[in-house]
Amino acid sequence: MPLTIEEYNPLLQTAKKLRHEIVDITMKAGGAHIGGGLSALDIMVAL
């Protein structure tokens with residue numbers, strides 16, 4: 001069953017917050033490839 005907008009929006013907000021955290025942590029570490037982490041995050045939020 002598809003999610004309603006009310007169910008979907010909190011997931012989008014959580015994903016956005018976590019993406020920012022991944023980028024911040026990567027910057028503090030001096031850089032890294034973040035594509036895999038961001039993709040894994042999107043998959044976990046979708047599940």
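Filtered by the rule that a residue be of a type in the set (D, E) and in contact with a helix residue (DSSP H, G or I) (Cβ under 9 Å, 6 or more places away or on another chain), the chain gives a lone residue, D42. Output the residues belonging to the stretch 2-33 that are aliphatic (A, V, I, L, M), over 17 Å from L47 (Cα atoms) and part of a helix (DSSP H, G or I). Within the stretch 2-33, I22, V23, I25, M27 meet the criteria. Of all residues in the stretch 34-47, those being part of a helix (DSSP H, G or I) and surrounded by 10 or more Cβ atoms within 10 Å (Cβ to Cβ) number 8.
Values quoted throughout were computed directly from the atomic coordinates according to the rules given, and no laboratory measurement underlies them. From a predicted model like this one, the values you see are computed outputs, not experimental measurements. Note that each Cβ is placed from the backbone with ideal geometry, even for glycine, and that neighbours are counted across all protein chains shown.
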